[in-house]
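Have a look at the structure below before the remarks.
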Amino acid sequence: MIGLISATAAGAAARDRLATVWPDRTRVYEGPVGDAVRRAFGECEQLVCFLATGATVRLIAPLLADKSADPGVVCVDEAGRHAVALLGGHAGGANELARAVAEALPDCLPVVTTATDAAGAPGLDTLGRPVEGAVAAVSRAMLDGEPVTLAADAVWPLPALPPNVRPNSGGSWTLAITDRLVPQEDGTTAVLRPPSLVVGVGASRGVAADEVLALVEETLTAAGLSVRSVAALTTVTAKADEAGLNEAAERLGVGLRVFPAEELAAVSVPNPSAAPLAAVGTASVAEAAALLAAGPGGRLIVEKRKSAMATCAVARRRPRGRLAVVGLGPGARDLLTPRAADELRRAGVVVGLDQYLDRVRDLVRPGARVLASGLGAEEERARTAVAEARAGHAVALVGSGDAGVYAMASPALAGASDDIDVVGVPGVTAALAAAAVLGAPLGHDHVSISLSDLHTPWEVIERRVRAAASADLVVTFYNPRSRGRDWQLPKALELLAAHRAPDTPVGVVRNASRPDESWALTTLAELDPGTVDMMTVVLVGNSATRTVAGRMVTPRGYRWQA
Ligand code: SAH
């Protein structure tokens, strides 16, 4: 819950706006401000104070307890211009909250002052995994550019770390990424816990959560492993509702994953036994479930151990890399989606055409590997992106417009295996960017056709243009004309003209949304192909498309016209 506190009428107006926007997440604290802040501090995970920072500091100072438990606090000034993350930037989520508040209030900007955010490097505590040890000191060293030795057991799909964090850095600080217990007494090591372990558990009916947890913890400790790397508990379906197992999973903050006995029975394990075979129909629960949950490439690293009523075994997963296929939009930065920007920020490796990468270098974290290549190297780019993801990295494969439209998504996914995670981020494709410039040309059924016969035989293209012509579809031509390819566009227009009037509106948009954008509205009869190049899309209306007040409009209320 987010507690909202204000002192003045202006503050109350901004407060009420926030309460309206987030009705289920916020609670308004009325009454004397000091009182309201104290109550909210005790009851809420986060506070937004419509008060001066000074006043807020004085009110919360006596309440501060500890970084991991204190709520995140954001201050918004009287005029509602700034949302200041005052306390708990990372752990309390105040940085995120300041950004969200700034978005919810008109003309409000977030103010974030925690060092790691300011420098564009990820805070160790924002990587979505538990961190321990000398987190503050190592974060500071990372940020100050001091050499920090990266000691990672495996490649995990993490955001890029700054370039001063690298194996064998020669410095006195260490960032370990491991599920192993590491000595931390000297205060120079921070440890990030990857989600690498799965613990298979078997249990007799009525087992207590305490017994399960004690067995799991002893087993891990004896093997030199950290419980904070446990990603899941796993067992047989017959135990899905066993209270002690569910409670143990909950207390570890992980899920309980179950597998049917037949599936477990098919896994070969080092220590099968007769008891579970009789009880649930598989000779192994803990070892088999751990192996299955670990997935392809997983390995059993601790064999079955027993307590009075429970068994457990531990498997280590092979990290799954992450391939994000990201559309950057047609050019203008504000047509690049926030989600695309997020994916670029979280990528450790960014792959794409050099000219597109140049547009977004500021969004890529310092330390990320940028693999830029020139025009024509599509297949190699696709292969590289997939190979990097298979090696465990977080990869962003970028393309202009939408990365799935005449672009990189298909060659990449055609060559990708199921051992990586893939996410797609849609982008504003050229047809949409151009349509918005022209008016409303796509108001009824439409089709995109690429006139490039580099990868598609001209006969196929021609057949599709004919079909679009006879079906009276609005047509967007991508790749309409280049220096070496100049007869295709006139030919395509001729095919359309056989079914459409000479005065059918045609829009020509060059460099949509880029600084040198230009466009023209003409007709099928009058289009001069000389005005068209590879930076252009050509939109041809259907038989109902009209020019209205200088804009291209295809009516929605379409009726077939003779
Ligand atoms: N994936 C891209 C398309 C790649 S094909 C997208 O979704 O937009 C390349 C063709 O797209 C170019 O030849 C041109 O026809 C068109 N194109 C891309 N960006 C454009 C822009 N900003 N303005 C006009 N046409 C563009």
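Read the figures in this text as sums done on the coordinates, not as results from a lab. Since the structure is predicted, the reported quantities are computational estimates derived from the model, not experimental observations. Glycine gets a Cβ as well: all are built from the backbone with ideal geometry, and neighbour counts include every protein chain shown.
Beta bridges per DSSP, both residues in the chain: antiparallel share near 40 percent.
Cα centroids of the range 72-148 and the range 518-541: 48 Å apart. Label points 7 Å out from Cα along the Cβ direction at Ala223 and Leu150: separation in nm? Each label point lies 7 Å from its Cα, and together they span 2.7 nm. Of all lysines in the structure, those lying under 24 Å Cα to Cα from Lys304, and not within fewer than 8 positions of it along the same chain, are Lys239.
Can you give the helix-only mean residue ellipticity at 222 nm for the chain, where every DSSP H stretch with n ≥ 4 adds -39500 (n - 2.57) and the sum goes over all residues, rounded to the nearest 500 deg cm²/dmol?
One gets -8500 deg cm²/dmol as the mean residue ellipticity at 222 nm.
Counting only DSSP beta bridges whose two residues both lie in the range 197-316, roughly 55 percent are antiparallel.
Which of the trypsin sites (Lys or Arg not before Pro) found in the range 406-491 are in a DSSP loop and have at most 13 neighbouring Cβ atoms, other than their own, within 10 Å?
Sites meeting the loop and neighbour criteria: Arg483.
Taking the centroid of alpha carbons for each part, the range 285-333 and the range 181-219 are 15 Å apart. In percent, rounded to a whole number, the relative contact order of the range 314-408 is 45, using alpha-carbon pairs under 8 Å and six or more apart.
Please give the contour-minus-distance gain from Asn271 to Thr456: 0.36 nm per residue of separation, less the Cα-Cα distance, rounded to one decimal in nm.
Working: separation 185, 0.36 × 185 = 66.60 nm, distance 5.73 nm.
Additional length available on full extension: 60.9 nm.
DSSP finds beta bridges in the range 2-113, and of those with both partners inside it, around 20 percent are antiparallel.
Simple rule: put +1 on each Lys or Arg Cβ and -1 on each Asp or Glu Cβ in the chain, find the dipole, and look at Gly327, Ala544, Gly224; the Cα lying farthest toward the positive end is Ala544. Dividing the mean sequence gap of close Cα pairs (under 8 Å, 6+ apart) by how many residues the chain holds gives a relative contact order of 9 percent. The value of relative contact order for the range 431-560, using C-alpha pairs under 8 Å at least six residues apart, is 32 percent.
Rounded to the nearest whole Hz, the Karplus-based 3J(HN,Hα) values (6.51 cos²θ - 1.76 cosθ + 1.60, θ = phi - 60°) of the range 12-29 follow the sequence 5, 5, 5, 4, 5, 4, 5, 4, 6, 5, 10, x, 8, 9, 10, 9, 7, 9, with x at glycine and proline. Here the Karplus curve 6.51 cos²θ - 1.76 cosθ + 1.60, taken at θ = phi - 60°, turns the phi angles of the range 514-521 into couplings of 9, x, 9, 4, 8, 7, 8, 10 Hz, with x standing for Gly and Pro.
Taken one residue at a time, the phi angles of the range 249-256 give Karplus couplings (6.51, -1.76, 1.60, θ = phi - 60°) of 4, 4, 5, 7, x, 10, x, 10 Hz. Gly and Pro are set to x. Judged by the mean number of other Cβ atoms found within 10 Å, the most tightly packed of the peptides 16-29, 281-294 leads the ranking 281-294, 16-29.
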